[in-house]
Every structure is written in structure tokens, then in C-alpha cells.
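Structure record follows, encoded as C-alpha cells.
The values are calculated or read from the model by the stated rules, or taken from the named source; none is laboratory data. Computed from a predicted structure; not experimentally measured. Reconstructed Cβ throughout: ideal geometry from the backbone, glycine too, with neighbour counts over all protein chains shown. Calculation scope for accessible area: heavy atoms of the full protein, side chains included, ligands and nucleic acids excluded. Shrake-Rupley method; radii C 1.70, N 1.55, O 1.52, S 1.80 Å.
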Amino acid sequence: MERWATFDCYGTLIDWDGGVRAELERIFGDEHADELLERYHAIEPDLQRDGNRSYREVLTESLRRLGAPAGEEHALAESLPSWRSFTEVHGALTDLRQRGWKLGILSNTDRDYIEASMERLGVPFELAIVASEIGSYKPGLGHWRAFQERTGRAPDVHVAASLFHDIGPANELGLPSVWINRLGEPPGPQPTKEQPDLTSLAAALEEVA
């Protein structure tokens, strides 16, 4: 019987905070980068709420609202394909594939971005569903509905770093989840299991799925 694990990408597999902060530091200086990253976290969901913008447009408008100087509005959009994966990710995903898991990505992004990031990850995924193609950003349920339409079933487990974007909706849908709490955040929506990274993820999935 096939088993599906779905993943958020940015923040879970790819270092989203690191990628955004590096550009904020370059544009505004290190002394302002942390404060602006916190503001970015608040701006982005507001821009995604109606599902009408591409992620490229979200990145660009977010920088405008943060006060980026002329000519720098597109810096995040241009840098995203170069953002790096976390060090343990390739090994963890390879292990899952060797154990027979099918892998999917449910991402608040655009097709060209996710293709570039999957190439950087270096591990094949059976499918990737992106916000700009379905007109819905997480925490909306559009990604999971699209997954079910394409596969005829729900995933066995969802793996993600965001309580707001991913664990909450997974709970709403009754899906087992693994929260990758890289930042040592306090709990909110309760995941099925919590881990600091993807190390030993295969064992966690066997436990919860």
C-alpha cells in the first residue's frame, strides 16, 4: 500500500528565514535585519490572504512595504532560487524514499520557484502543489483539496515548520502531522509529533502515520 508524506518547503526543507534575512541585511544593514524579518512575517500573510497575488508579487510588495530603496524591490524574488536547504534534509528525504514513501510538497509559492528549490534539494518528489496555481495560500485548505483531487486520497502525514500555515490546517483536516520546530517556538496548534529538525524523520513517520 502506498504511503504519502507531504511537506511544506520554505522553513521546513529550505532555509526561508535565512534567505529572507540575508537580503534584508544586505539592503538595510545587519542592525535592522532582525526587526524587519519580524515585520515581514506579519506583512506576508496579509498579502496572501485573497490568493490573487503570485508569490513573486508577494515578495516584491513585502519589500516595498518594508521601505526598500528603488531598485531593490525585487531582491527577494530574485534571490529565492539560491536559498539553501537545511543540512539534514537531503539525507532524511533519501531515507524516506528508500523506505517506500511517496513525497509531495504543498507550498505557498510559484511553479518556477518550487522547481528551482526541488533541484537544489536533489531528491525527487511525486508532485508539488503551489499556491499561485490554485489561487489559495495556506493556512487555507486549497493545497490539501488539490492533493486529494490529484491522488484520490489525503496524505498519511504532513511535515512542516509553521504552526499557523500548516499544523493548524492539518489538525482541522484530521491529518497526522510532524512539527519541525527549528526555532524552539512555544506550542500553539498541537502537532502529532514535534522534532527540532528532520533527523530520524523516517522513525517519526512510522510512529504517527
(request) Would you mind finding the one in LEU76, LEU141, LEU163 that is under 16 Å from the mean Cα position of the chain (by Cα) and within 19 Å of VAL208 (Cα to Cα)? (result) LEU163
(request) Assess whether GLU194 counts as being within 20 Å of TYR10 (Cα to Cα), part of a loop (DSSP other than H, G, I, E, B), open to solvent by 30 Å² or more (accessible area, probe 1.4 Å) and free of Cβ contacts under 8 Å to residues at least 24 places away in the same chain. (result) no
(request) Determine which single condition ARG53 fails, assuming it passes every other condition in (1) assigned to a helix (DSSP H, G or I); (2) touching a helix residue (DSSP H, G or I) at 6+ places or on another chain (Cβ under 8 Å); (3) within 22 Å of PRO139 (Cα to Cα). (result) (1)
(request) Please find, within segment 59-73, the residue that is most open to solvent (accessible area, probe 1.4 Å) out of those that are more than 15 Å from GLU25 (Cα to Cα) and not in a helix (DSSP H, G or I). (result) ALA70
(message) Where the second residue is part of a helix (DSSP H, G or I) and β-branched (Val, Ile, Thr) and the first is closer than 28 Å to MET1 by Cα and lies in segment 101-116, which pairs have Cβ atoms under 7 Å and are six or more apart or on separate chains?
(response) ILE105/ILE114; SER107/ILE114
(request) Would you check if TRP83 is under 18 Å from ILE105 (Cα atoms) and touching a Gly at 6+ places or on another chain (Cβ under 7 Å)? (result) yes
